[in-house]
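Here's the structure we're looking at; comments come further down.
Please treat every number below as a calculation from the coordinates, not as lab data. A quick note: this is a predicted structure, and the numbers were derived from the prediction, not measured. Neighbour counts run over all protein chains shown; Cβ positions are idealised from the backbone, glycine included.
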Amino acid sequence: MQTFIELWSATDSWLKMTKEERGNYLTQIGPALQDLMEKGVEIVCWGENEKDTTQRADYEFFAVWKFPTAEMKQEFEALVEGAGWYNYFHQENVSGESTTPDVIIGKMIEM
């Protein structure tokens with residue numbers, strides 16, 4: 001199982017679009033996302049980054065996804081890039097194999 005975390009904020013290109021243009025853009029991506037979800041991709045959550053978060057990352061929104069395989073995660077990444085998402089949003093991603101705290105603590109100790 002792969003976990004994928006997105007952090008994003010709108011760029012000027014997004015803010016210059018009308019609400020109708022924004023809605024049309026997001027509507028066109030919907031079917032491709034639905035297709036991935038039917039293949040087992042899971043949206044864990046989407047959210048707005050709260051202003052009073054300690055050590056807050058400088059992004060407005062976040063999403064957490066679960067992917068059954070690394071290949072499906074790569075399919076999602078290609079979909080996002082192919083849809084021109086990065087033209088409208090400044091984004092950073094974090095991803096990796098889902099594991100346990102003990103495994104990661106062990107890796108941190110071994111660094």
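How fast does the stretch 2-110 diffuse by Stokes-Einstein, in µm²/s, taking the Kirkwood radius from C-alpha pairs at 25 °C and 0.890 mPa s? Translational diffusion coefficient: 157 µm²/s.
A straight Cα-to-Cα reach below 18 Å connects residue 107 with the aspartates and glutamates 97, residues fewer than 8 places away in its own chain not being considered. Students often forget the sequence filter, so: which lysines lie under 28 Å Cα-Cα from residue 51 once same-chain residues fewer than 8 apart are removed? The reachable lysines, counting only those whose Cα sits under 28 Å from residue 51, are 16, 19, 66.
The trypsin sites (Lys or Arg not before Pro) of the stretch 48-111 that meet both conditions, a loop assignment by DSSP and at most 11 other Cβ atoms within 10 Å of the site Cβ, are 51, 56. Once the Cα atoms are used to define both axes, helix 101-110 deviates from the longest principal axis of the chain by about 70 degrees. A cut-off of 5 Å between modelled amide H atoms, ignoring neighbours fewer than 5 places along the same chain, links residue 11 with 89, 90. Karplus-derived 3J(HN,Hα) values for the stretch 39-49, using 6.51 cos²θ - 1.76 cosθ + 1.60 with θ = phi - 60°, are 8, x, 6, 10, 8, 6, 5, 10, x, 9, 6 Hz; glycine and proline are entered as x.
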